[in-house]
Amino acid sequence: MNLLIDFTLLIGILAIALTCLISRSLFRSVVFFILLGLMLAIGWIRLGAPDIALAEAAIGAGITGVLLLDTLGHLKKTGNLENDEPAPGRKRLILAIVSSFTLVGLLLWAVFNQPTPAINIHLLVTEAMPESGVSHPITAVLLNFRSYDTLLEVGVLVLAVLVGLALQTDQQAQDSLPGLPNPLLHACLTLLIPAMLITSMYLLWAGADRPGGAFQAGAMLAAAFILLHISGIKLSSQVSHRMMQAGLLLGFGVFLAVATSSLIGGRPLLTYPEGGAGMLILLIELALTLSIGLILLSLFTIANSPPHHKDQGGDHGH
Amino acid sequence: MDTNLIFTLCGVGLCGIGFFGFIYHRHLLRRLIAFNLIGNGTFLIMVGFAQRGQGVTDHVIQALVLTGIVVAVAATALGLVLIRRWFQLKGSTQLPEDDAS
Amino acid sequence: MNMILSPIPWLLVIPLAGAVLTMLVPYHWRSPASVVGIFTQLMASVVLWYQVTHYGPQFYAMADWQAPLGIALRADGLATLFILMSSLVASACAFYAHAYLSLQKRAHFWPLLWFLWASLNGIWLAADTFNLYVGLELLTFAAVGLVAFASDERSLEASIRYLYAALLGSMAYLLGVALLYGAQGTLSMDSLAETWHWGPTNQVAVTLILGGLLLKTAVFPLHTWLPPAHGGALTPVSALLSALVIKASFYILLRFWIEFQIYQFLPSLSQLLGALGAGAILWGGWMALRQTHLKMVVAYSTVAQIGYMTLMFPLLVAESSEASLLAYQGGILMLLAHAFAKAGMFLAAGNLIFCTGKPDLVSLAGMSRYRPLNIFAFGLAGVSLMGLPPSGGFNAKWLLLQSSFMSGQWWWIVVLLLGNLLSAAYVFRVFAYTYQETDALDTYKRPKLSLELIALGLSVGSILLGFISVWPLEMISLPGPVMEALP
């Protein structure tokens, strides 16, 4: 029975991926891409990875999907959506087919000749768990055993926003996205937003011993922010520019500060003091959740803001 | 055939499809979607292949995939920021073809 | 040794903190804060150099978790040399940028530079395959951001091209890492080397990692994204990209190649890499000869120079340990000399373009009379790139030549000599334009003296390297994982 589900998912995922790529309509491609994310989330559950399932649904399908859809809306507004693109040439098609089949062939060869791994890290993880300060192994890996990776990864997120900001002009760029004056939407929001905030906090709290954690919680928070943003309640106009920047950097800053504080005690970077690991991890996660929410929101709004001074007129011309 | 192998194969398929799209298409948005397909395929291979070898649920690789997903969304967002600027400047959804390289 | 005295964490913490700080403080505070950061970075690099030469390679367990479970950092001779190189070149480029960019641009430049620097140091020190992936992504984002922030049409196009190539490259790398992990159950480079197992899975993994890193290093024929990105960026950014950023993926490739002894088991792959290098030398040199824009000449010269570094791979042969050692030393020296020479050349080219106000070669006429200091800087860098004595480039090519003789691979000698002719041709072609006499008086703009001196300093560095080559060569021959794995 389970195998049947697996095979259905396998075929479904590949079929959706193919449709997503060859569909003539770009809008349909994006919708299929989001659908693919949801199918993958089920797949992750089957693989015994509920954490990834949550992240895939919230970040992979959710946030990426919203970003893509928003870009489509923008293209439509500027009349670039159904720009009939010339079909790529035959040479390109042959090159693409040959390289893709080579890749698949190589990978299949590699997969079916898998040796038995000589090292089993999961045994080491089980052994070290009591010292990690949390009882959920994935949180322990992310914020203790391999916290250095996570630190750099948050750096990548900050950097993405930074590049976006560097491409913007310095005058407070006003948003090209009008609020939707829909009373029904506002009524729904008053119910939805508190629920989303509670879910976000729950996810954060759960991360200590169950699937969940800062990234999923942050994505949920971002979803709430983006909903508010679309409905016309702009967070960026409520708080000052500098406050916003501080919020973006809070998570990274707190993480880095905690990491460095261990150096003063003469211990390696990122070491938690004995007995304090649990509290510090929660502190870092709390700051990360807020920052990730704001970062994902900023990535959404940066993409939305009007272009450079040069052609500011063009965008509002119609 | 166990679940891990099936999803590893699913990942291989996704990588293949995504790689095809990345090379074939010239539309920047379509190529970004194709990149995300390769990414998703890679993540499936990471977990499925590792767990197939270890025979148990592997939390280390799952944590790495979480990192990977976040990096991928950051990459997508950065790509979209650049692409939109390009649309605004040139009104085109693809890069000019290389003449000489 | 006491952990608090180790400079290794500070090499990461300072740039990361610098990035946070320069994003938060007001615009006019960002440069002074960065200058403080630059000096502490230089200091930390020197301390690390002292410790490594006196106490041997340093290991560092992040978060106090030992390697297969946690992430280890390694500072052997090779890593330390690269830390010193990137600190010197990045500082020079940073000071240049400070004088070159407007306050506006500078404000955005600093945090990007600090992220770039952090990722470079992270990559030099990394000993974990997945950590290298995150480091590569951090590097890519910072570099793409630096290319894009010139914010004109050309740089935007270049940055999109760059981003797409780099993302594909990182994904191929990650796929290879996934296969290695599935086959061996570990991410740490040391334990991978210990349990290495030449099955089909590892061969495919190596192929994918190789492909991804070659794309990111812009090795011919995967180089097409490089010239527009390096030629179209702002001058200090071009210098950083050519001198340091492409070296990061090359460095990872080199470590994989030697530490996992790929050269021993896949000799045909070595020859293929050599052929790609030869292609890069000839094609890059030929294209540099045909460019009409000064910075594009320099950018295509980078494509050719990457080829010389790639020639190191076929010369690492298991049969002859002496030839292998010479090739390893020659390749690293090549890389080092190129870092200084190319940074100097890009900065000198940027100065010349600033003088004439036009990017093309034709408008350079009269420059050798009116701006001799710049032409001198450009020429010195050219000497090293052409491999004329005395220069770091000459010593490097000499080592590669000797290694080719010794391992009996005479065909690479032909490539080396032909490549030299091409480099001489494209450097002298630029000179020919600057020596053309014009009737025009000296109405050109004059760059700040500091800009000219920084360019000159870097070029002189590449020449000086010819006199003190022994020193970096001793450094990389210190015992460490790479030296152990060489034949």
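The values are calculated or read from the model by the stated rules, or taken from the named source; none is laboratory data. Fair warning: this is a prediction, and the values are worked out from it, not measured in the lab. Cβ atoms come from the backbone with ideal geometry, glycine included; neighbour counts cover every protein chain shown.
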* **Criterion (more than 20 Å from C:Phe265 (Cβ to Cβ) and among the β-branched types (Val, Ile, Thr)) met by exactly one of C:Ile209, C:Ile123** => C:Ile123
* Answer yes or no: is there a residue in segment B:34-52 that is at pLDDT below 95 and surrounded by fewer than 24 Cβ atoms within 10 Å (Cβ to Cβ). => yes
* To do: State whether the residues of segment B:59-81 include one that is among the hydroxyl-bearing types (Ser, Thr, Tyr), touching a strand residue (DSSP E or B) at 6+ places or on another chain (Cβ under 7 Å) and either surrounded by fewer than 24 Cβ atoms within 10 Å (Cβ to Cβ) or more than 23 Å from A:Ile16 (Cβ to Cβ) (or both).
  => no
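Could you tell me whether any residue of segment C:38-46 is within 23 Å of the chain's Cα centre (by Cα) and of a type in the set (Ser, Thr, Tyr)? Step through it out loud before you land on a result.
Within segment C:38-46, the first condition is being within 23 Å of the chain's Cα centre (by Cα), and the residues that meet it are C:38-46.
After this cut, where a residue has to be of a type in the set (Ser, Thr, Tyr) as well, the list is C:40, C:45.
Yes, segment C:38-46 has at least one match.
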* Residues that are surrounded by 15 or more Cβ atoms within 10 Å (Cβ to Cβ), of a type in the set (Val, Ile, Thr) and either under 26 Å from B:Phe22 (Cβ atoms) or at the interface with another protein chain (Cβ under 7 Å from one of its Cβ atoms) (or both), drawn from segment A:96-145 -> A:Val104, A:Val111, A:Ile119, A:Ile121, A:Val125, A:Ile138, A:Val141
* Filter segment A:257-281 down to residues that are at the interface with chain C (Cβ under 10 Å from one of its Cβ atoms), surrounded by fewer than 17 Cβ atoms within 10 Å (Cβ to Cβ) and under 26 Å from the mean Cα position of the chain (by Cα), then give me how many there are. => 1
* All positions within segment C:356-378 that are surrounded by 20 or more Cβ atoms within 10 Å (Cβ to Cβ) and within 22 Å of C:Leu240 (Cα to Cα) -> C:Asn374, C:Ile375, C:Ala377, C:Phe378
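Would it be correct to say that A:Ile52 is more than 8 Å from chain B (Cβ to nearest Cβ), surrounded by 17 or more Cβ atoms within 10 Å (Cβ to Cβ) and closer than 19 Å to A:Ile63 by Cβ?
Answer is no for this residue.
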* To do: From the list A:Asp70, A:Asp6, A:Asp51, pick out the single residue that is farther than 30 Å from A:Ile295 by Cα, part of a helix (DSSP H, G or I) and touching a residue at least 40 places away in the same chain (Cβ under 8 Å).
  => A:Asp6
* Scan segment C:180-228 residue by residue and report those that are of a type in the set (Gly, Ala, Ser), in contact with a Leu (Cβ under 7 Å, 6 or more places away or on another chain) and in a helix (DSSP H, G or I). => C:Ala205
* Residue, farthest from A:Ile52 (Cα to Cα), within segment B:51-79, restricted to residues that are touching a Leu at 6+ places or on another chain (Cβ under 6 Å) and more than 7 Å from chain A (Cβ to nearest Cβ) -> B:Gly79
* Could you say whether any residue in segment C:116-139 is outside any helix (DSSP H, G or I) and of a type in the set (D, E, K, R)? -> yes
* Scan segment C:139-160 for residues that are without any contact (Cβ under 8 Å) to a residue 24 or more places away in the chain and either more than 8 Å from chain A (Cβ to nearest Cβ) or buried (at least 24 other Cβ atoms within 10 Å of the Cβ) (or both) and jot them down. => C:Val144, C:Ala148, C:Asp152, C:Glu153, C:Leu156, C:Ile160
* Looking at segment C:161-174, is at least one residue facing chain A (nearest Cβ under 8 Å), over 21 Å from B:Gly16 (Cβ atoms) and not aliphatic (A, V, I, L, M)? -> no
* **Meets criteria (touching a strand residue (DSSP E or B) at 6+ places or on another chain (Cβ under 9 Å), buried (at least 19 other Cβ atoms within 10 Å of the Cβ) and within 9 Å of another protein chain (Cβ to nearest Cβ)) for A:Leu26** => yes
* Every residue from segment C:419-437 that is surrounded by 14 or more Cβ atoms within 10 Å (Cβ to Cβ) and within 15 Å of C:Gly307 (Cβ to Cβ) -> C:Gly419, C:Asn420, C:Leu422, C:Ser423, C:Tyr426
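The rows are residues; the columns are (1) in a loop (DSSP other than H, G, I, E, B); (2) within 14 Å of chain A (Cβ to nearest Cβ); (3) crowded, with 19+ Cβ neighbours inside 10 Å.
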position: C:Ala19; (1), (2), (3): no, yes, yes
position: C:Val36; (1), (2), (3): no, no, no
position: C:Tyr50; (1), (2), (3): no, no, no
position: C:Leu69; (1), (2), (3): yes, yes, yes
position: C:Arg74; (1), (2), (3): no, yes, yes
position: C:Ala79; (1), (2), (3): no, no, yes
position: C:Phe82; (1), (2), (3): no, no, yes
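Go through segment A:268-291 residue by residue and tally those that are assigned to a loop (DSSP other than H, G, I, E, B), among the hydroxyl-bearing types (Ser, Thr, Tyr) and in contact (Cβ under 8 Å) with a residue 24 or more places away in the chain. Break it down stepwise before answering.
Of the residues in segment A:268-291, the ones assigned to a loop (DSSP other than H, G, I, E, B) are A:268-276.
Narrowing further to those that are among the hydroxyl-bearing types (Ser, Thr, Tyr): A:271-272.
The next check asks that each one be in contact (Cβ under 8 Å) with a residue 24 or more places away in the chain; those that pass are A:272.
Count: 1.
Going by the conditions given, is B:Leu14 surrounded by 24 or more Cβ atoms within 10 Å (Cβ to Cβ), under 14 Å from A:Gly43 (Cβ atoms) and more than 10 Å from chain C (Cβ to nearest Cβ)? Working first, answer last.
On the way: surrounded by 24 or more Cβ atoms within 10 Å (Cβ to Cβ): yes; under 14 Å from A:Gly43 (Cβ atoms): yes; more than 10 Å from chain C (Cβ to nearest Cβ): yes.
Here the answer is yes, as B:Leu14 does meet what is asked.
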